[in-house]
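Please treat every number below as a calculation from the coordinates, not as lab data. Being a predicted model, the structure only gives us computed values, none of them experimental. Backbone-built Cβ (ideal geometry, glycine too); neighbour counts: all protein chains shown.
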Amino acid sequence: MPSDTLEAVSEIRELSYAEAVREALAQAMEADERVFLFGEDVGVYGGAFGVSGDLVHRFGKDRVIDTPISELGIAGAAVGAAITGMRPVLEIQFSDFVTLAMEQLVNQAAKIRFMFGGKASVPMVVRLPGGSGTGAAAQHSQSLEAWFAHVPGLKALQPSTPHDAKGMLLAAIDDPNPVLIFEHKLLYKTKGHVPAEAYRVPIGKAAIRREGTDVTIVGSSIMARKAEAAAERLAGDGISAEVIDLRSIRPIDFTTIAESVRKTHRLLVVYEGVKTMGIGAEISAMIAESEAFDFLDAPIIRLGGADSPIPYNPVLEKAAVPQEDDIVTAAANLVRRGEA
Amino acid sequence: MSAEPMSADQKPNQRPELAALDDATVAQALTRMHLIRKFEEAAEASYMRGLIHGTMHLSIGQEASAVGTTLPLEAHDYILSTHRGHGHCIARGAEPKLMFAEFFGKETGYCKGRGGSMHIADVEGGNLGANGIVGGGLPIAVGVGMSIKAQKNGRVCMVFFGDGASNEGAFHEALNMASIWKLPVVFVCENNKYGMSMDIGRAMAVANVADRAAAYGMPGHCLDGNDLAGVAAVAKLAIARARSGEGPSLIECKTYRWRGHSKSDRNLYRSKEEIEEWRNQDPIRRLEDELKAHDRFDAATLMKLEEDAQRDIDAAVEFARACPDPDPKDLTRDVYAL
């Protein structure tokens, strides 16, 4: 059922992104005893970003499990629990630490179903707080989601709103495949409408956040929010920008992007991960290979993270990833170029 | 042994480890050891005949470890295996014909030809898969243990790995977690002395992998891995401990692979004498000799077990050769569950 229908019957209620994630976890654990949450400091500490909060008091230590600092081990434990009938939800404290767990996610979780000829499934969810903007420097600020979008067998999500954070987590827990959810740390405190009941946001369907006619801006996670703010400013300059929130980068909703490009004739892709070999390259290539290419009036522009580790200094840190001003400037240049 | 001939009623008592195994159990164990040996030999022969397209890791010489450790498992228990995993599958009752079909890349194989030698699994039968990554199964066993505990289903998970895997971080993370949570897991290290070419003596600063159990607060058992009865006796204790909720154990089976690491191995790192020395410790012959010495089985009966195994393996190869290849249109069929 479309989530819009449910929203209509739900009272208007605002939650933060972190609260929305916690509500999804609680509802999933209430509904299904196979679901459990585990990770570093998710118990009485409440999670490094306060996402698990009081869940340990509501569901007990057997279902909200503090683990040793063993990212490879806990990722493998999620795989083992998933293939034997559980629905584990693993929190990797900072998404950067997933580098320690790559073996289990890439070699095991992603491939077990395929390697076993479809005779097993790995229904596990990994939540990964990521992104820059908190002064945490190079090893606690990365956006590594494109790595996982490169791996067949995995799904990679980047919800941008509290509504989607809840609905996509519930959809991910239902999904019979390994699903990684990248939660931007700067979004945790943002608020938005979240229906109280359990609902699902379908995986692999982009959302058109704002309709427009002059340029398509595609982003996900925090970049979708920045693109929306930029579009508002562009409207003041007489530029009508269409904003597409990808929500999911594997699977990716190419149809919605292509349809928008056919309408606006211009494409700007914005992402926080390093620009080179990133999400923008894939989207640009998909357009270039499709008949939507014939509708372009200007070259595609990618706005991505700098070819640099994330720096500590706040001025440098801001300079390392696309900001709202950069999106406004790039979109305006693109529209002018298309008109020239 | 006494040099004096003894009459039947004067024979020395059997070791308690062997006496604990009744004739039917011993016959089953011998059959499985023969099946493993014949499977590996047929695999090698098939490779030479060009019937196999990929590589393989043969476990000839290690049969007592695979069969002895799994002998006390119950039907619903789980195992996780390694790249040298054919023996573990057979020890748990896998059908050689479906294994060969997988090995030959056929649609009828255990994994529909998608996995091959290194990924044979039979999830419904409790075999959660061989693994191409050294130490890959160890953290997975922790999660299986968590499932068993949460579902209170009384099962046990036995996870195999080699001496090389005990130097992976995954080993340490997994043993630690299994122990702090008292999970029903039995860790079985098949120490065949070499991680590919690296001698364990050069790769590890302690004498035995089992010594490492102390660091994780669990029992460590260092065994003659070519002694079927001895391995089975210790495995029985470790399985019982796991099942009763007391926690995991680490069993180290010291054994030897007669063949090289894989098909590319030229044995440059070990001597012919060393290989010969271990061939003289053949786990199958040792068990047969002991059974004959105690008059539990006569030579004809033992011969028949071996011949039956050979016939089963020959039939399995013929079955697999006749099976259909997968259709390329189904390439991506099983990437995602729907």
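Compute the angle between helix A:71-83 and the longest alpha-carbon principal axis of chain A, please, reported from 0 to 90 degrees and rounded to the nearest 10.
Computed tilt is about 80 degrees.
If each residue of separation counts as 0.36 nm, what is the full-extension length gain between A:Ile208 and A:Arg13 once their alpha-carbon separation is subtracted?
68.0 nm
Using a 10 angstrom cutoff on alpha carbons, build the Gaussian network for chain B and name the most mobile of B:Gly137, B:Gly225, B:Gly154.
Sorting by GNM fluctuation, first place goes to B:Gly154.
Counting only the backbone N, which residues of the range A:24-55 are under 13 Å from the spot 7 Å out from the Cα of A:Ala198 toward its beta-carbon?
A:24-36
As a test of understanding, state the convex hull volume per residue of the protein assembly as shown from its alpha carbons, in Å³.
Hull volume over Cα atoms, normalised by residue count, gives 175 Å³.
Rounded, prolate or oblate: pick one for the range A:19-82, where a ≥ b ≥ c are the square roots of the eigenvalues of its C-alpha gyration tensor, a/c under 1.5 means rounded, and failing that, prolate if a/b is larger than b/c, else oblate.
Oblate shape, in that a/c is at least 1.5 and b/c is the bigger or equal ratio.
Could you compute how fast the range B:195-273 diffuses translationally, taking Rh as the Kirkwood radius over C-alpha pairs and applying Stokes-Einstein at 10 °C with viscosity 1.306 mPa s? Give it in µm² per second.
It diffuses with D of about 109 µm²/s by this estimate.
Mind ordering A:329-335, B:76-82, A:253-259 by average Cβ neighbours within 10 Å, highest first?
Result, highest mean first: B:76-82, A:329-335, A:253-259.
Translational D (Stokes-Einstein, µm²/s) of the range A:202-312 at 25 °C and 0.890 mPa s when Rh comes from the Kirkwood sum over C-alpha pairs?
Answer, rounded: 176 µm²/s.
Using alpha carbons only, how many angstrom separate the centre of the range B:187-231 from the centre of the range A:266-340?
Cα centres, the range B:187-231 to the range A:266-340: 54 Å.
Excluding same-chain residues fewer than 8 positions from B:Lys97, which lysines have a Cα within less than 19 Å of its Cα?
Result set, ordered by chain and number: A:Lys119, B:Lys38, B:Lys106, B:Lys112.
B:Lys152: which aspartates and glutamates have alpha carbons under 15 Å from its alpha carbon, excluding same-chain residues fewer than 8 sequence positions away?
B:Lys152 reaches A:Glu33, A:Asp62, B:Asp77, B:Glu246.
How would chain B be classified by its alpha-carbon gyration tensor: rounded, prolate or oblate, with rounded meaning a/c under 1.5 and the a/b versus b/c comparison settling the rest?
Here chain B falls in the rounded category.
For the range B:97-188, just the Cα atoms, rotate onto the principal axes and tell me the three extents in Å, largest first.
43, 32, 16
Would you mind getting me the FRET efficiency between B:Arg270 and B:Glu44? Use the beta-carbon distance for r and R0 = 22 Å, nearest 0.05.
Approximately 0.75, to the nearest 0.05.
Please give the helix A:17-31 orientation as an angle from the longest Cα principal axis of chain A, in degrees from 0 to 90, rounded to the nearest 10.
For helix A:17-31, the angle is close to 40 degrees.
For an R0 of 30 angstrom, estimate the FRET efficiency from the Cβ-Cβ distance between A:Glu33 and B:Ala214 and round to the nearest 0.05.
Step by step, r from the Cβ atoms, then E = 0.25.
Taking neighbour counts of Cβ atoms within 10 Å as a proxy for exposure, in what order, fewest first, do A:Glu242, A:Glu19 appear?
A:Glu19, A:Glu242
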